[in-house]
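The values are calculated or read from the model by the stated rules, or taken from the named source; none is laboratory data. Model, not experiment: these values are computed from the prediction. Reconstructed Cβ throughout: ideal geometry from the backbone, glycine too, with neighbour counts over all protein chains shown. What goes into the accessible areas is simple: the full protein's heavy atoms, side chains included, and nothing from ligands, DNA or RNA. Shrake-Rupley method; radii C 1.70, N 1.55, O 1.52, S 1.80 Å.
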Amino acid sequence: TVLEAPGGVDERDRRAREHAALTGAGLVPSSDHELVVAGQGTVGLEILEDVPGVEVVFVPTGGGGLLAGVCLAARDLPVRDVGVEPADARRYALSLDRGTPVVVPPSRTIADGLRGQRPGAVTLPVIADRVDDLVGVTDDAIAHAAALLRRAGVHAEPSGAVALAGALQSGFTGTAAVVVSGGNTAEALTSTGLAA
């Protein structure tokens, strides 16, 4: 059964918690859970194994599970971890700047998988302790990065192109890895029958 929740991601999450409590269902958060962070951290382990000299890893940052996992995977290595957030959904950057969790208003970014409004209780302490930088990118930069990926044969959704947008914006010239995540492109959704 699919239940729709109008409003932002924060409202969706509140309604999901209520539904789980009412029905006794188990709630599996998309990012804010120790096991989810550990699972997403395997991306970092694969990068470090495949590119042992990597100097910086750019990670798309929505709920924070992927960034927290990559930070933990690289914790004992001289690797810079850079989280990349949409410019109008910078809950992690704002939270770190203010030293307390910040809730942002619902975002309209094209990176719809990164529209969360509050940092996670599990992910925020890990990110605060281990991330080297958090950068924000505009929708124009995200669209440009997605177009570059498409030309290279990688059909990533805008949320998956955010890290490349951050890498391009940084001008970094050493050995870098860019995490391209998310497969909810219009083409992929159409082929599975999920597109409207």
Test set (1) touching a Leu at 6+ places or on another chain (Cβ under 8 Å); (2) open to solvent by 60 Å² or more (accessible area, probe 1.4 Å) - ASP140 fails condition number: (1)
Residue within the range 68-76 that is closer than 26 Å to PRO105 by Cβ and either assigned to a helix (DSSP H, G or I) or within 20 Å of the chain's Cα centre (by Cα) (or both) present: yes
Condition check for ALA145: in contact (Cβ under 8 Å) with a residue 60 or more places away in the chain and either under 12 Å from ALA89 (Cβ atoms) or surrounded by 23 or more Cβ atoms within 10 Å (Cβ to Cβ) (or both): no
Test for LEU72: is it out of contact with any strand residue (DSSP E or B) (no Cβ under 6 Å at 6 or more places or on another chain), of a type in the set (A, V, I, L, M, F, W, C), open to solvent by 10 Å² or more (accessible area, probe 1.4 Å) and free of Cβ contacts under 8 Å to residues at least 40 places away in the same chain: no
Hits in the range 10-61 (condition: closer than 26 Å to ARG115 by Cα and charged (D, E, K, R)): ASP10, GLU11, ARG12, ASP13, ARG14, ARG15, ARG17, GLU18, ASP32, GLU34
Qualifying residue in the range 94-104 (condition: closer than 21 Å to ALA167 by Cβ, surrounded by fewer than 19 Cβ atoms within 10 Å (Cβ to Cβ), modelled with pLDDT of 95 or more and of a type in the set (Asp, Glu)): no
